[in-house]
Amino acid sequence: MKMYTDSQKVILTDADGVLLDWKYAFQVWMDSHGHTQTKEDIYDAGEQYGLTKPDAKRLVKMFNESAAIGFLPPLRDAIHYVRMLHEKHGYVFHCITSLSTDNHACELRTQNLKRLFGQTAFEKFIYLDTGADKDEALANYKNSECFWIEDKAENADCGHRMGLNSLLVRHHHNVNYKGPAKVVGNWKEIYEIITG
C-alpha cells in the first residue's frame, strides 16, 4: 500500500460521532423497530438495549445498511466549521468510517456527507466493515502528522501511535479518557486547534 505523504491540507476524520449524529438516528430507528433503550450514555448497543452481543451487532449492521443511513443529521456544530476549514482555509477531508462494505450503504453515506458538508470538502472516503478496527487504514498515513478526528478512544490512540495528531470528540462513552489524544467538545475547538 502506498503511504500518504502530502498531509499539509488533509484532515482525517471518522463520521459517526464526529461529523454525524449516529447515536440519535440509531435510537430513532430502534424505537421504530420496537426496541426500547434501557441504558443511556453507553457506547455498546447491546448494553443500551439489553441485547446479546450478536443481536446488537446484527441490528447495528442492519441500521448501517438501511436507507436511514443516508439521512443522518450533523453532529453539533460540524457543518459550519468543516465548511470553514475547507472553503476559507483550503483543507480537504479523508473520511475513514467503519460503516459497512455494502456498496449501497457506502453510496448513501457519501451522498449524506456531500449534502451536509458540500460537494468538494471530502477528497476521499474509506469504507470499512461495521465495527472494524482502523489500524490498517490509518497505517497509510503513518507519520504524516495529519489531524485525525475520532470519538472512539481505541481509534484515537491508534492514530497517535501512527504519528497522527489525534483529537477525541467528547461523548458520554469516552468521558473518562486519559490517553494521549487531545479531547475536544465540538468543531469550534477543532477549528481553533487546526487554524491556531
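The values are calculated or read from the model by the stated rules, or taken from the named source; none is laboratory data. All figures in this text were calculated on a predicted structure; none of them were measured in a lab. In this analysis, Cβ positions are derived from the backbone assuming ideal geometry, glycine residues included, and neighbour counts consider all displayed protein chains.
Residues A137, A121, A153, A132: which one is more than 26 Å from G185 (Cβ to Cβ) and outside the structural domain of L59 (by TED's automatic domain parsing)? On inspection, the qualifying residue turns out to be A132. In the range 49-65, the residues that are at positive phi form Cβ pairs under 8 Å with partners that are modelled with pLDDT under 95, at six or more places apart or across chains, as follows: G50/T38; G50/K39. Quick one: T120 ticks every box in (1) out of contact with any helix residue (DSSP H, G or I) (no Cβ under 8 Å at 6 or more places or on another chain); (2) farther than 21 Å from D41 by Cβ bar one, so which box is it? Failing condition for T120: (1). Would you call Y141 assigned to a helix (DSSP H, G or I) and over 29 Å from E47 (Cα atoms)? So Y141 does not fit the description; no. For the range 115-136, enumerate the residues that are of a type in the set (G, A, S) and either within 15 Å of H160 (Cβ to Cβ) or more than 14 Å from the chain's Cα centre (by Cα) (or both). Correct list: G118, A121.
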